[in-house]
Amino acid sequence: MRTFKSEAGLGFIYISLLTISFDVLLLFIMNLSNSYVINSLLKLTLIIFNLYQAYYLLIVATIKYIIFDEGILVSSIFGFKKTKILFSQIQAYKKGNRWIKGVKLSGYGNNSFAIGRTVIDLIGTTYMYVTSSKKLLYFKTPAINYAISPKKLQQFVVILEEKGIEENEWVNFGPKKVHLYKDINFIVPFLLSSLFISIMLLNPFILYLLGRLPVKMPLTFDAAFIPLKYGTGKQFALNQMAYGILNMAMLFCMHYASYFYYKYDKKSSYKFIYISLFISFLFLLIQFRILAKW
């Protein structure tokens, strides 16, 4: 077994600066805003964003490549995240050019580093574990391509050659057919999001028709959930239904984005529908909280 360090790059600095900049922007907007709905969304965004950033910062800082008898182990986050690439599955390898040219599907990356899934020009969908494009190797396997950036690249190549793996070109056959509604990982969050939006739309309307809404209802709130403006029960119902329509429009956009990404990589497409799910659930919780208090 032999361990190769990854080539040093600017990925850690890039992600750190992006994290700090976005956090400062969100906190600045939260400080200016006096809206409960907006601040709730910003707080949720801040938490999820920083967890996401911390995950990729740890990967970039700890990634290494371990060659064992059966294949290559890409290890990161102190061994908690592992990806195994078996020699028996590697059909060919290819050295990369100076820059990474492609479309990012998930994770982080630019022309000089990439962590996550990326559609690489003429190569296809590739799971990138590349800290620097200065040292870059692509591997072709039946399921998906892989890319790594070992510091001692030439020594790594020698081991590949000893294992009977040759350098070769391969053809990317383009995107695959899309069968979103046959995929339970997509359809479940899609249906749940649709359910939440339907309840958000119908609940206040039905309560208004049944005369269950008070004559006076809060329409807007400050960051401490104190009403800023009151209106009639009808206005409240219309206001909540407008939120439902906005969430419906967002669900449509996220569905389209999922459809596009699904052509290249299934897992990368799921994130969009989950964004819609989380936001629609948050808006529904806010509606229930208002109705429970007033």
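The values are calculated or read from the model by the stated rules, or taken from the named source; none is laboratory data. A quick note: this is a predicted structure, and the numbers were derived from the prediction, not measured. Positions of Cβ are backbone-derived with ideal geometry, glycine not excepted, and every protein chain shown enters the neighbour counts.
For the range 116-152, the tally of residues that are more than 19 Å from GLN89 (Cα to Cα), out of contact with any helix residue (DSSP H, G or I) (no Cβ under 9 Å at 6 or more places or on another chain), aliphatic (A, V, I, L, M) and modelled with pLDDT of 90 or more stands at 0. On the stretch given as the range 66-115, residues that are out of contact with any Ser or Thr (no Cβ under 9 Å at 6 or more places or on another chain) and closer than 24 Å to GLN155 by Cα total 9. Per the conditions (1) modelled with pLDDT of 90 or more; (2) within 25 Å of TYR261 (Cα to Cα); (3) of a type in the set (S, T, N, Q); (4) not in a strand (DSSP E or B), the sole criterion not satisfied by THR83 is (4).
Take the residues in the range 12-38 that are under 29 Å from PHE225 (Cβ atoms) and touching a strand residue (DSSP E or B) at 6+ places or on another chain (Cβ under 8 Å), then tell me which one is surrounded by the most Cβ atoms within 10 Å (Cβ to Cβ). Among those that are under 29 Å from PHE225 (Cβ atoms) and touching a strand residue (DSSP E or B) at 6+ places or on another chain (Cβ under 8 Å), it is TYR36. Checking each residue in the range 238-294 for being among the charged types (D, E, K, R) and under 30 Å from ASN145 (Cβ atoms) picks out LYS263, ASP265, LYS266, LYS267, LYS271.
Screening the range 1-57 for residues that are aliphatic (A, V, I, L, M) and not in a helix (DSSP H, G or I) and picking the one that is modelled with the lowest pLDDT gives MET1.
When LEU202 is tested against (1) surrounded by 15 or more Cβ atoms within 10 Å (Cβ to Cβ); (2) of a type in the set (A, V, I, L, M, F, W, C); (3) modelled with pLDDT of 85 or more, just one condition goes unmet, and that condition is (1).
For the range 199-216, does any single residue satisfy the condition of being touching a residue at least 60 places away in the same chain (Cβ under 8 Å), in contact with a Ser or Thr (Cβ under 8 Å, 6 or more places away or on another chain) and not assigned by TED's automatic domain parsing to the domain that holds ILE144? Looking for residues that are touching a residue at least 60 places away in the same chain (Cβ under 8 Å), in contact with a Ser or Thr (Cβ under 8 Å, 6 or more places away or on another chain) and not assigned by TED's automatic domain parsing to the domain that holds ILE144, one finds at least one in the range 199-216, hence yes. Would you please list the contacts, defined by Cβ atoms under 7 Å and residues six or more apart or on different chains, that run from a residue in the range 222-243 that is free of Cβ contacts under 8 Å to residues at least 12 places away in the same chain to a residue that is surrounded by 16 or more Cβ atoms within 10 Å (Cβ to Cβ) and outside any helix (DSSP H, G or I)? Partner pairs satisfying both residue conditions: PRO227/PRO218; PRO227/PHE221; LYS229/LEU219. Reported count of residues in the range 137-158, each being surrounded by fewer than 23 Cβ atoms within 10 Å (Cβ to Cβ) and part of a loop (DSSP other than H, G, I, E, B), is 6. Restricting the range 1-11 to residues that are surrounded by 12 or more Cβ atoms within 10 Å (Cβ to Cβ) and of a type in the set (A, V, I, L, M) leaves a set whose member that is nearest to GLN154 (Cα to Cα) is ALA8.
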